[in-house]
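The values are calculated or read from the model by the stated rules, or taken from the named source; none is laboratory data. As the structure is a computational prediction, the values presented were derived from the model and not from experiment. Cβ placement follows ideal geometry from the backbone for every residue including glycine, while neighbour counts extend to all protein chains displayed.
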Amino acid sequence: MTSDQTASGLSAAESEGVISVELDDEIAVIRLNRPDRLNAFTFEMGEEIKAALDRCDADDSIRAVVITGNGRAFCAGADLGGGATTFELEEPAPGEIPPDSGGQLTLRIFESLKPVVMAINGAAAGVGVTMTLAADVRIASEDAKFGFVFAQRGLVPEACSTWFLPRLVGLPTALQWTMGAQMVPVAEAHERGLVQQVVPKADVLATAIEVARKMTSGTAPVSVALTRQLLWRMAGAPSPRVAHEADSKAIYYRGTMPDVAEGVTSFLEKRPATFTDRVSTDLPQIF
């Protein structure tokens, strides 16, 4: 393993094919890399992002992930190069419906053990916006816009967006944006809570990395991973009792682990904590 590689084998900068991955110290930056096609989404792109997230989860030196686009757009949506047959999938086995590839990517982001921040550097439409909904924070450029244009293409919202979007912006806004197939300007997206911060285009990536760093600096990685999963999964819980059961398991298991003793001792000794529990090997099974 070279000096610019991490334990997972992720080098400081590498290209997968239609994405690239680089490291900013403990932050992994995944770039959608089809700028000549406005980073239009393909099955290959989804598979490469999922593989990169797998490696990030397995690498304890990586604390958070930032996803952005190369060029002037974040992602223009599904690549429509196939023309009228773009969304005609291969004939499935009898009784089976092929899974939506955008939804598979969104679920993988949802399951991430590291915080995920989207650096939306321009237009995001279709799956280009719905893939961002499972991220923890969305930072957008001043020229960004968001296209929920499915009904204009004869489609419906996909990539699990009918679950995520109402939880982020409320049901009335989600209905308005999706049934109206609207292009949403960044100011409205910010006002309604879809994005958390709007910055000049040149500052989008640096701001997202800074946000990711603030979310992880000085914290126990295993605690961050569990907190992320608890909050996201409990968003759909039918009762606070479900959250109570999950919280109880998490508190119990964490209370027996070295990180908690270190967290308390470092506080009493007024020094920075050195957490040793690893996400790759020490994550309790709560769910």
Here are some conditions: (1) touching a residue at least 12 places away in the same chain (Cβ under 8 Å); (2) farther than 25 Å from Ser280 by Cβ. Leu226 meets all but one. Which one does it not meet? (2)
Members of segment 133-181 found to be assigned to a loop (DSSP other than H, G, I, E, B), of a type outside the set (Asp, Glu) and more than 12 Å from Val195 (Cβ to Cβ), listed by number: Ala134, Phe148, Val149, Gly154, Leu155, Val156, Pro157, Ala159, Cys160, Gly170, Gly180, Ala181
Among the helices (runs of 4 or more DSSP H) lying completely within segment 183-287, list those that include at least 2 residues that are aromatic (Phe, Trp, Tyr) and more than 22 Å from Val129 (Cα to Cα). 240-255
What single numbered condition from (1) touching a Phe, Trp or Tyr at 6+ places or on another chain (Cβ under 6 Å); (2) at positive phi; (3) of a type in the set (Gly, Ala, Ser) fails to hold for Gly218? (1)
Where residues in segment 256-287 are at pLDDT below 95 and among the hydrophobic types (A, V, I, L, M, F, W, C), which of them is surrounded by the fewest Cβ atoms within 10 Å (Cβ to Cβ)? Phe287
Step by step: first the residues of segment 54-73, then only those that are touching a residue at least 60 places away in the same chain (Cβ under 8 Å) and within 14 Å of the chain's Cα centre (by Cα), then the one that is surrounded by the fewest Cβ atoms within 10 Å (Cβ to Cβ). Which residue is that? Asp57
Scope segment 232-251; condition free of Cβ contacts under 8 Å to residues at least 40 places away in the same chain and among the small types (Gly, Ala, Ser); matching residues: Ala237, Ser239, Ala243, Ser248, Ala250
Matching entry among Thr227, Thr256, Thr265 (being among the β-branched types (Val, Ile, Thr) and within 29 Å of Ile67 (Cα to Cα)): Thr227
Considering residues that are over 19 Å from Pro115 (Cα atoms), basic (Lys, Arg) and crowded, with 17+ Cβ neighbours inside 10 Å, the number found within segment 220-253 is 0
